[in-house]
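Just below is one structure, and these are the notes that go with it.
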2 protein chains.
Amino acid sequence: MKVLIVGANGQIGKHLVTYMQDHPTLEAVAMIRDEAQADFFKKMNVQTVIANLEDDTGTIAKAAAGCDAIVFTAGSGPHTGKDKTLLVDLDGAVKTIEAAKLANIERYIMISSFDTTRAAIQNASESFAPYVVAKHYADEWLRATDLKYTIIHPGLLTNDEPTGKVTAATTVERDEVPRADIAKVILASLENDASIHKEFQVVRGETAVDTAIQEL
Amino acid sequence: MKVLIVGANGQIGKHLVTYMQDHPTLEAVAMIRDEAQADFFKKMNVQTVIANLEDDTGTIAKAAAGCDAIVFTAGSGPHTGKDKTLLVDLDGAVKTIEAAKLANIERYIMISSFDTTRAAIQNASESFAPYVVAKHYADEWLRATDLKYTIIHPGLLTNDEPTGKVTAATTVERDEVPRADIAKVILASLENDASIHKEFQVVRGETAVDTAIQEL
């Protein structure tokens, strides 16, 4: 399965691409903003395509052509300007969803935020609320499609070493989770159709990632 | 017909409420943020309800209870912080749409931006694009509902005196239009069901507003 990684140059993206090297049935295509980001991937012989989430849908669809799945793990993050929140986290995400349709890609995995419900918007701090709004509408857009989607809602992301174990369910208690383990959750989701049309929160835990996905 | 005006204290809102005084079949309910905005409306014996677009949907639905229509003419404007663009122009608008459903209000008139198409997002300047994104998704949300909606896309708004004449069609050449004439277009839309499930751009022109709406 050929997988376009949107946000390949991010921390989760780099873990994901690296782990995919050991999964011969999966082939990563790293979507990067410019050639300057290419070195990391070229060293691993990973194909790169240059496209930007502010490009139009057609350009992104061209970058995705030939892939069987899209993983969206890009993010302006909650601390960038709110203009980027709208243009990247919401509209950029929606363009990759529309690009999937244009390129006849059925499988789509979205890395969302821990809680993107309407209640979460209302309860968010003033500075965090716009980010939650953006992720809320991107998730809503994806749910309304016919794509075989998975929506992953990670807890508080850390740079801790991966444990390969998590707790995953529709709702779980908010907790930390290593970015590297989220990459493993993405991998397991790509490899297990039990994750299709599922949406779950995930934090550090005691269940092996593959088992956690199987039991969703 | 009892009409909740969201953004009553804005410039278009104030024109609209004022003109409604001469239309005995229409009764305005001015949604305002706080008591300090009430004077203008009390002097005209117009009912006010206090609610905020950052309130939750239930609170807005309560403010709308008993009304037959909602007019959304609120706006953070393109020049406020982009956090407010997300929270007011997108999420605030969506909450009023959801509030309409909760309060069993079928009729909804949205004052959008001149061009909220995907092409307009791509062509917008960096500073304007987030606002177009927000209006794009609010319009999309409304289109996907079962509400009897009208989406009005005004040209460049001015404070010129109203002429009572406009050009209105699916697409028209970009031009100015007085805010006061947009208020007249809203009035005519409320009074003429020819506007239901229509969406049109409107600029200054030579056609009487009532005729322009009838001929949509």
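The values are calculated or read from the model by the stated rules, or taken from the named source; none is laboratory data. All values derive from a computational prediction rather than experimental measurement. Because the Cβ atoms are built from the backbone with ideal geometry, glycine has one as well, and the counts that use them run over all protein chains shown.
Side notes on the structure shown:
- Residue identified as among the polar types (S, T, N, Q) and exposed (fewer than 15 other Cβ atoms within 10 Å of the Cβ) among B:Thr150, B:Thr117: B:Thr117
- Of residues in segment A:123-142 being more than 10 Å from chain B (Cβ to nearest Cβ) and buried (at least 20 other Cβ atoms within 10 Å of the Cβ), the one modelled with the lowest pLDDT: A:Lys135
- Selection within segment A:96-115 - away from chain B (no Cβ under 12 Å) and either acidic (Asp, Glu) or within 24 Å of A:Glu173 (Cβ to Cβ) (or both): A:Glu106, A:Ile109, A:Met110, A:Ile111, A:Ser112, A:Ser113, A:Phe114, A:Asp115
- A:Ala99 being in contact (Cβ under 8 Å) with a residue 40 or more places away in the chain and more than 14 Å from the chain's Cα centre (by Cα): yes
- Number of positions in segment B:40-71 that are of a type in the set (A, V, I, L, M, F, W, C), in a helix (DSSP H, G or I) and within 12 Å of B:Thr96 (Cβ to Cβ): 4
- Residue within segment B:176-188 that is out of contact with any Lys or Arg (no Cβ under 6 Å at 6 or more places or on another chain), among the acidic types (Asp, Glu) and at pLDDT below 95 present: no
- Only one of the numbered conditions (1) touching a Lys or Arg at 6+ places or on another chain (Cβ under 9 Å); (2) closer than 26 Å to A:Lys148 by Cβ is not met by A:Gly13, and that is (1).
- Of all residue pairs spaced 6 or more apart or on separate chains, those with beta-carbon atoms under 7 Å, a first member in segment B:47-61 that is within 10 Å of another protein chain (Cβ to nearest Cβ) and a second member that is of a type in the set (S, T, N, Q) and surrounded by 15 or more Cβ atoms within 10 Å (Cβ to Cβ) are B:Asp56/A:Gln122.
- Any chance B:Thr117 is modelled with pLDDT of 90 or more, of a type in the set (S, T, N, Q) and touching a Ser or Thr at 6+ places or on another chain (Cβ under 9 Å): no
- Under the condition of being surrounded by 24 or more Cβ atoms within 10 Å (Cβ to Cβ) and more than 8 Å from chain A (Cβ to nearest Cβ), the residues counted in segment B:78-90 number 1.
- The condition of being under 18 Å from the mean Cα position of the chain (by Cα), of a type in the set (Asp, Glu) and not in a loop (DSSP other than H, G, I, E, B) does not hold for A:Asp115.
- Residue check for A:Tyr149: under 14 Å from B:Trp141 (Cβ atoms), aromatic (Phe, Trp, Tyr) and touching a Phe, Trp or Tyr at 6+ places or on another chain (Cβ under 6 Å): no
- So B:Asn159, is it within 10 Å of chain A (Cβ to nearest Cβ), surrounded by fewer than 22 Cβ atoms within 10 Å (Cβ to Cβ) and on the phi < 0 side of the Ramachandran plot: no
Rundown of residues vs (1) of a type in the set (S, T, N, Q); (2) farther than 23 Å from A:Ile105 by Cβ; (3) touching an Asp or Glu at 6+ places or on another chain (Cβ under 9 Å); (4) not in a strand (DSSP E or B), yes/no style:
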| residue | (1), (2), (3), (4) |
| --- | --- |
| A:Ser125 | yes, yes, no, yes |
| A:Pro130 | no, yes, yes, yes |
| A:Glu140 | no, no, no, yes |
| A:Asp146 | no, no, yes, yes |
| A:Ala168 | no, yes, yes, no |
| A:Val172 | no, yes, no, yes |
| A:Ala183 | no, no, no, yes |
| A:Ala188 | no, no, yes, yes |
| A:Ala194 | no, no, yes, yes |
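- Qualifying residues in segment B:1-30 (those that are in a strand (DSSP E or B) and without any contact (Cβ under 8 Å) to a residue 40 or more places away in the chain) - the one surrounded by the fewest Cβ atoms within 10 Å (Cβ to Cβ): B:Glu27
- On the stretch given as segment B:1-39, residues that are more than 26 Å from B:Lys101 (Cα to Cα) and among the charged types (D, E, K, R) total 3.
- Per-region count, segment A:58-77, residues over 20 Å from A:Ala183 (Cβ atoms) and either at pLDDT below 95 or of a type in the set (D, E, K, R) (or both): 1
- One residue from B:Ala93, B:Ala74, B:Ala120 being part of a helix (DSSP H, G or I), more than 10 Å from chain A (Cβ to nearest Cβ) and closer than 27 Å to B:Ala38 by Cβ: B:Ala93
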